[in-house]
Amino acid sequence: MKGDYVSLRRMKDADFELLADWIGGRVGSYGAGSPFFVTPEELRRGADTYLMVVRNDGERIGVVSWRQLAYVGSYELGVAIGDESAWTDGYGVEAVLLLLHYVFHARNAHRVEMKAGLFNRQPIRMVTQGIMVLEGVLRDYYFLDGRYYDAVVFSLLREDYYKLVEALELSPDTIPEAEKREAFKVFQEFLANRPQDYLSQLLNRKIED
């Protein structure tokens, strides 16, 4: 999955080493309220599914994650730009948009949600810019620098996502609509040249055998 500035790709062994370093530093504080010390092996076994965020010059700058919640089609998403020099450059927003495309188009998502502490300005901007819908506030959810901070929960339903696609003039399809129409037309032409009972013959062939 490739955007204008970043792409998402599967994790490789060396990526888990880098991710463990990011989580153990300031990235862990922004995402969880404190550094989270974890080994690469623990990350490989984790419940979350990760994709590496790679800038289009080949530099690895962050990760996105998704985790299925209690019901099929319901997911919690996460994003972390581990390279601090890449913060505030819009890479995280594009990475989230690519991940949304994946979960809604490849994993049949119905609802996705994210959480962010009210000390973390970048994900909060996704709410204020209208990319995701604010659902509520979790009081005293994070403990950071000796005090509690609220968290916000924001989400998208499938219908919200397609409104977002239209508003941002994004391409929602992996395979262009023209190619899908051409495939259907070729199949229509094929059927038009078959006997009228062709499909019935296909269905009954095992019974006759």
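The values are calculated or read from the model by the stated rules, or taken from the named source; none is laboratory data. Not measured: the values here are computed from a predicted model. When we count neighbours, we look across all protein chains shown, and the Cβ atoms used for this are built from the backbone with ideal geometry, even at glycine.
Here is a check on your reading of the model: is Arg194 of a type in the set (D, E, K, R), surrounded by 10 or more Cβ atoms within 10 Å (Cβ to Cβ) and assigned to a loop (DSSP other than H, G, I, E, B)? Please lay out each step first, then the result.
Numbers: of a type in the set (D, E, K, R): yes; surrounded by 10 or more Cβ atoms within 10 Å (Cβ to Cβ): yes; assigned to a loop (DSSP other than H, G, I, E, B): yes.
Here the answer is yes, as Arg194 does meet what is asked.
For region 19-60, how many residues are in a helix (DSSP H, G or I) and over 27 Å from Arg147 (Cα atoms)?
Selection size over region 19-60: 5.
For the condition more than 17 Å from the chain's Cα centre (by Cα), of a type in the set (Ser, Thr, Tyr), modelled with pLDDT under 90 and loosely packed, with under 11 Cβ neighbours inside 10 Å, what is the one hit in Ser171, Ser200?
Ser200
Tell me, please, whether a residue that is within 10 Å of the chain's Cα centre (by Cα) and under 23 Å from Leu138 (Cβ atoms) can be found in region 80-99.
Within region 80-99, one or more residues are within 10 Å of the chain's Cα centre (by Cα) and under 23 Å from Leu138 (Cβ atoms).
Determine which member of the set Glu189, Glu177, Glu135 is closer than 22 Å to Val103 by Cα and free of Cβ contacts under 8 Å to residues at least 12 places away in the same chain.
Going through Glu189, Glu177, Glu135 in turn, just one is closer than 22 Å to Val103 by Cα and free of Cβ contacts under 8 Å to residues at least 12 places away in the same chain: Glu177.
Sort out which residues of region 105-141 are farther than 23 Å from Asp89 by Cα and basic (Lys, Arg), and write them in order of number.
Listed by number, the residues that qualify are Arg107, Arg111, Arg139.
Please enumerate the residues belonging to region 13-48 that are crowded, with 17+ Cβ neighbours inside 10 Å and of a type in the set (S, T, N, Q).
Within region 13-48, Ser29 is the sole residue that qualifies.
Scan (1) at pLDDT 90 or above; (2) in a loop (DSSP other than H, G, I, E, B) for the single condition Phe16 breaks and write down its number.
Only one criterion is unmet by Phe16, namely (2).
Between Leu138, Leu156, Leu164, which is out of contact with any Phe, Trp or Tyr (no Cβ under 6 Å at 6 or more places or on another chain), crowded, with 17+ Cβ neighbours inside 10 Å, modelled with pLDDT of 95 or more and not hydroxyl-bearing (Ser, Thr, Tyr)?
On inspection, the qualifying residue turns out to be Leu156.
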